[in-house]
Each structure stands twice: as structure tokens, then as C-alpha cells.
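Asker: Input: one structure, supplied below.
The values are calculated or read from the model by the stated rules, or taken from the named source; none is laboratory data. All values derive from a computational prediction rather than experimental measurement. Ideal geometry is used to build each Cβ from the backbone, glycine not excepted, and the neighbour counts take in all protein chains shown.
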Amino acid sequence: MVSLAELQAQFGSGIAERTFRDNRFIDVPAEQLLNVLSALKTQFSFNMLIDITAVDWLDYEGATDRFSVVYLLLNVDSGERITVRAAVNLPDPALPSVCSLWMGADWMEREVYDMFGISFTDHPDLRRILMPEEFSAFPLRKDYPLKGRGERHNFPVITRSEG
Amino acid sequence: MPLSPVETHLSESADREYVWTLNFGPQHPATHTTLRLVLTLDGEKVLKAVPYIGYLHSGFEKLAEHLDFNQYVTIADRMNYLSPLANEIAWHHSVEKLLGIELTPRCRYLRTILAELMRLHDHLLNLGTTALDLGGFTAFLYFFQQREHIYDIVELASGQRFHTSYTRVGGVLFDVNTDWVNRVRKFIREFPPVYEEVDRLLTKNRIFVDRTQGIGYLSREDAINLSATGPVARASGVERDLRRDDPYLAYNDLDFDVICSRGGDCYARYLVRMQEMLESLKILEQAIENIPSGPVNIDVASDMVLPPKPAVYRSIEGLIQHFEMVMPNRSHHVPREQVYAATESPNGELGFYIVGNDESRAWRARTRPPSFIHFAMFPHMIRDHQLSDVVAVLGSLNIIAAELDR
């Protein structure tokens with residue numbers, strides 16, 4: 001079991017913990033994220049990255065930051081799970097890439113970039129993954145509407161004779 | 001913020017002019033769904049594979065923010081369409097964790113039986129089509145016949161063969177009857193002979209073994225580092241099964257083994273799936289004989305489930321409660337919290353990360369899709385293999401494009 005006191009001793013008091021049901025959340029300042037994650041991997045053997053995702057807090061009551069990026073970690077041998085959250089804000093949301101720690105982070109970070117426009121520095125191949133390369137918006141942001149006419153109607157149409 | 005794409009293809013310099021590029025998919029019979037690979041080949045040797053995905057992207061996660069917890073089940077079961085009920089169970093498992101709902105014993109057993117039927121259903125198709133792609137047509141037909149029986153069982157329970165939308169917050173749509181129980185018993189009786197026949201057709205078949213053994217090797221370290229779960233991870237020696245390690249539903253009461261292999265290749269993944277089907281049958285046998293009686297849904301007084309129809313039509317209290325339950329801002333009492341809960345779906349760990357926001361819809365509902373994470377490993381696994389191994393590796397990873405792209 002990783003304890004909050006150990007992490008705070010190492011990385012200062014900016015780290016907070018929260019528990020809901022059986023999920024443990026560790027909130028980390030963005031600038032310390034990579035250090036904390038790498039300590040969790042090497043010292044506390046959270047050897048599997050289950051998922052990376054993000055949440056857009058626009059208009060969420062009581063929210064102070066625009067986005068949270070969420071890292072779900074698992075210790076395969078003991079089965080212990082922990083969730084690490086870091087906040088990022090506009091205009092230039094960016095976090096360090098964790099591909100150097102877990103190779104599996106590659107596509108997960110690409111998806112977060114594709115859907116939320118949060119970029120990951122030092123990612124080996126940060127491109128859009130689900131949306132086409134020409135797409136200009138970030139669909140899972142809260143200011144992107146569910147319905148409406150837009151990008152799709154501007155896609156180039158290639159006829160059979162041109163193709 | 002435009003980013004320049006990095007170089008994704010090996011350049012055709014003068015000393016590499018023999019390198020050629022093959023576009024595999026998005027419409028190709030062996031991909032089974034809409035996937036596209038750009039393969040860089042030296043003769044028939046794959047030097048590099050670059051997957052391009054997103055052809056089936058339909059914004060499921062965006063829709064989750066606009067549909068309530070019961071409506072979104074119709075979208076969730078369209079993710080992995082080989083095992084729709086497994087997705088529904090995973091979705092409502094997470095929602096119920098967020099809401100703090102404890103299911104009734106009958107519902108836990110019923111969902112366990114359905115989840116195991118779905119595991120059989122998924123493995124039957126996966127193994128059948130893997131054999132089909134590698135030239136074994138018979139196994140495919142035998143297994144598809146069995147899938148029909150599972151469709152019939154599911155239809156009898158929910159009224160739908162395929163996209164059942166059967167689970168609800170706190171229970172399921174309808175209870176099952178004795179006829180259904182007998183149908184499952186009949187399936188448990190009739191399945192093993194067919195299984196044995198296919199086992200004899202494939203497991204020691206020289207051609208099948210040659211095409212899969214040593215192909216697409218994934219070491220234990222790589223499996224963990226690349227976030228593999230489910231049969232793919234277990235075939236590489238990662239002893240992890242959420243049914244045992246993080247028991248949910250009724251798995252704590254049931255006796256079964258976690259199947260692992262050290263092989264790490266396509267053949268090991270085939271063997272793990274084959275053995276898992278026998279374990280699923282074992283679970284089914286125990287669960288179907290021990291279904292508790294009692295209500296299938298949680299108590300109506302909890303204000304979490306719709307009241308029964310007679311109460312809605314014949315009493316004003318029932319009508320009011322029904323009305324409130326279908327209003328997104330008045331139904332479930334949702335904590336403003338975040339929760340992640342996962343189930344062992346046939347393909348691996350299928351989890352949902354849900355953010356609650358007072359009303360009966362998720363503020364954000366992230367799916368952890370096993371197909372997406374397994375397909376990311378594909379370029380690592382196929383390097384330096386032959387072109388014909390592409391279909392063997394794709395089949396052994398069981399990539400479902402609808403779940404991949406969501």
C-alpha cells in the first residue's frame with residue numbers, strides 16, 4: 001500500500017488524497033506529475049497503466065480548473081489500484097508524456113489529445129487517432145456541441161474519376 | 001495548435017528501393033471489421049505496420065454525456081457487439097458503484113450467467129473466425145451453430161437477440177422463468193460434444209499449429225508494459241482475472257480456475273480461450289442450479305428503479321414515482337464524485353470511469369476499451385513476421401472495431 005505520507009515526504013504537501021467507495025485518488029500538481037508517476041512505477045511497483053483519460057470541467061459547479069487528466073494505475077502482482085489526477089488549463093494545456101514509463105500510454109495519450117486538445121510533450125508520435133487529420137476541433141470538450149452542422153459538411157468529396 | 005506528423009513510413013532511399021507499401025483494409029474480409037493497416041514490406045516480411053483507426057468513430061462518449069444511465073445502455077451494448085450483454089453489465093456495474101447500489105442476490109446470479117454466456121459467445125466467434133482466416137472452415141460453422149443457441153437464450157430473456165439493452169440501474173428489464181433456466185441447462189448439456197469436436201479439429205491440427213505457434217509473441221514484461229488484460233495477458237503469463245482478484249456479481253460464490261499460459265504466442269492465446277470456455281461452462285453449471293429466488297430488481301422504495309407497471313397504471317403514487325424516474329433532473333441521487341469500476345469482459349478489462357453531477361446523466365463516461373489497447377500492441381507484435389501472419393495475430397487479439405473506435 002502506498003501511503004500519502006510517503007508521497008508527501010518525497011514531493012511536498014501539494015499532493016492530496018481522496019477516497020470514494022474503494023477508489024483512491026491522488027491529486028498532483030501538473031509540474032510534479034512525471035516525478036510522482038515515475039516514483040509510483042519504480043518504488044511502489046504500479047507496473048501497469050490501465051488507462052489515461054481527461055475530464056472537461058467547463059460549467060461544472062465548484063470546479064476551479066478546466067481539465068483534469070486522469071491516470072489509472074494498477075499493481076499487477078498485488079492488485080492494488082490508484083488513480084492519479086492532474087489539472088491543466090487553457091490556453092495551452094500540456095503535460096509531460098508517460099510513454100517512457102509505460103509503452104501502453106502511446107495511444108491513450110493520442111486519444112486524449114484528439115478528443116480534448118491536451119498535448120503531451122515528448123510523445124513519440126502525437127497525432128489525431130480517431131478523428132481525421134484535417135479535423136480542427138476537439139469533440140469531447142464541453143463547448144463542442146452534440147449536434148450541428150460543421151466540419152463534416154466541409155470534408156472534401158472525392159469522386160470516382162478523381163480517385 | 002497544429003502539430004507536424006512524425007514520419008510514419010520508412011523512407012524509400014536508394015538502398016531500400018525493394019521496400020513496398022501495402023494498404024490492408026479498411027474493407028478487407030480478414031479484418032472482419034473496419035480497420036486499416038499500412039504495412040511496409042520487404043518481399044513478404046513486415047518491416048513496419050501503422051494502424052489507422054477511427055472509421056467507425058461515432059462519439060459514444062459524447063453521447064454518454066447527453067443520455068441518462070438507463071438510456072446509455074443501448075449505446076454501450078453496441079461497443080463490443082460480440083458480447084453486448086457483457087458491455088451492459090460493465091456499464092451498469094460502474095453506475096451502480098457510483099450510486100452505491102447493492103444488487104439483489106437473484107440479479108447477481110442472473111447477470112453472472114449472462115456474462116458467462118457472453119464470454120462463450122465472444123470466444124466462439126473469435127476462435128471460429130481465427131480458424132476461418134487460417135483456412136479451417138468447419139470449426140467456424142460448428143461454433144456459429146452454438147452461437148445461435150446462445151442468441152436464443154438471450155432472446156428468451158430479453159426479447160432481443162443481439163443488442164438486448166437488458167440491464168437497468170439496480171436490476172434487469174424482465175425476470176427470467178423456468179423455461180429459460182431449462183434452455184440454459186440444455187445448452188450446457190449439448191455444448192461439450194461440439195466443443196470436443198472442434199478441439200479435435202484444431203488443437204493438434206498440423207496446419208493450424210504451424211500457422212499460430214511462435215507467431216505474434218508477447219512476453220510477460222511487454223504484456224504488462226503495454227497494458228494488456230484478459231486472455232491476451234493471461235496467455236503471456238500474467239495471472240490476473242478480475243473475476244477472482246476483484247470479485248463482483250456472484251463470482252465469489254463460484255468455483256473456477258483462471259487459465260494462464262506461458263507461451264505468449266497466437267497458439268497460447270487460442271489455448272487460453274479454449275480452456276476459458278470450459279471454465280465458463282463450469283461457472284454456468286453452478287450458477288444455473290443455484291439461482292436464488294426473490295426479486296430481481298432492488299426495492300422500489302430506494303427511488304432508483306422504475307416501479308412495476310400495475311403500480312404505475314393503478315395508483316397515483318406509482319405514477320408520480322414513474323414520472324420522477326424518467327426526468328433526468330429528478331430521478332437518481334447522484335453523488336458529485338468520480339468512480340472507476342471494471343469487469344472482466346471476454347476481451348479483457350472493460351471499465352467505465354464516470355463523473356457524477358447531481359442529475360441522472362454522467363458528466364463524463366470514459367470507456368476503457370480492451371480492443372483499443374490491444375490494437376496499440378499490434379505494430380510491436382507483427383514486426384518481422386510474414387504478411388500471412390497478419391491475420392493470425394489480428395484474430396488472436398480479437399479486435400472489435402466498434403469498441404476500438406467507439
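Asker: Test of understanding: among A:TYR60, A:TYR144, A:TYR71, which residue is within 16 Å of the chain's Cα centre (by Cα) and at negative phi?
Answerer: Answer to the check: A:TYR71.
Asker: Take B:VAL50 and tell me if it is within 14 Å of chain A (Cβ to nearest Cβ), in contact (Cβ under 8 Å) with a residue 60 or more places away in the chain, β-branched (Val, Ile, Thr) and assigned to a helix (DSSP H, G or I).
Answerer: no
Asker: How many of the residues in the range B:53-100 are within 11 Å of B:THR167 (Cα to Cα), within 14 Å of chain A (Cβ to nearest Cβ) and part of a helix (DSSP H, G or I)?
Answerer: 2
Asker: Quick check, is B:ILE259 assigned to a loop (DSSP other than H, G, I, E, B) and either modelled with pLDDT under 90 or not small (Gly, Ala, Ser) (or both)?
Answerer: When the stated conditions are applied, B:ILE259 passes them.
Asker: If the requirement is being of a type in the set (D, E, K, R) and more than 8 Å from every other protein chain (Cβ to nearest Cβ), which of these qualifies: A:ARG141, A:ARG127?
Answerer: Of the residues listed, the single one that is of a type in the set (D, E, K, R) and more than 8 Å from every other protein chain (Cβ to nearest Cβ) is A:ARG141.
Asker: Taking B:GLY237 as the residue in question, decide whether it is at positive phi and within 14 Å of another protein chain (Cβ to nearest Cβ).
Answerer: yes
Asker: Now a separate question. Restricting attention to the range A:91-115, and to residues there that are within 11 Å of another protein chain (Cβ to nearest Cβ) and aliphatic (A, V, I, L, M), which single residue is farthest from B:PRO369 (Cα to Cα)?
Answerer: The qualifying residue farthest from B:PRO369 (Cα to Cα) is A:ALA94.
Asker: Conditions: (1) facing chain B (nearest Cβ under 9 Å); (2) part of a strand (DSSP E or B); (3) among the small types (Gly, Ala, Ser). A:ALA87 meets all but one. Number of the miss?
Answerer: Failing condition for A:ALA87: (1).
Asker: Looking at B:PHE144, B:PHE208, B:PHE174, which is the one that is closer than 27 Å to B:ARG106 by Cα, in contact with a Gly (Cβ under 8 Å, 6 or more places away or on another chain) and either assigned to a helix (DSSP H, G or I) or among the hydrophobic types (A, V, I, L, M, F, W, C) (or both)?
Answerer: None of the other options fit; the residue is B:PHE174.
Asker: How many residues are touching a residue at least 60 places away in the same chain (Cβ under 8 Å) and more than 17 Å from B:THR112 (Cα to Cα) if we restrict to the range B:278-314?
Answerer: Residues flagged as touching a residue at least 60 places away in the same chain (Cβ under 8 Å) and more than 17 Å from B:THR112 (Cα to Cα) within the range B:278-314 amount to 4.
Asker: Which of (1) facing another protein chain (nearest Cβ under 10 Å); (2) at pLDDT below 90 is the odd one out, the single condition A:PHE44 does not satisfy?
Answerer: (1)
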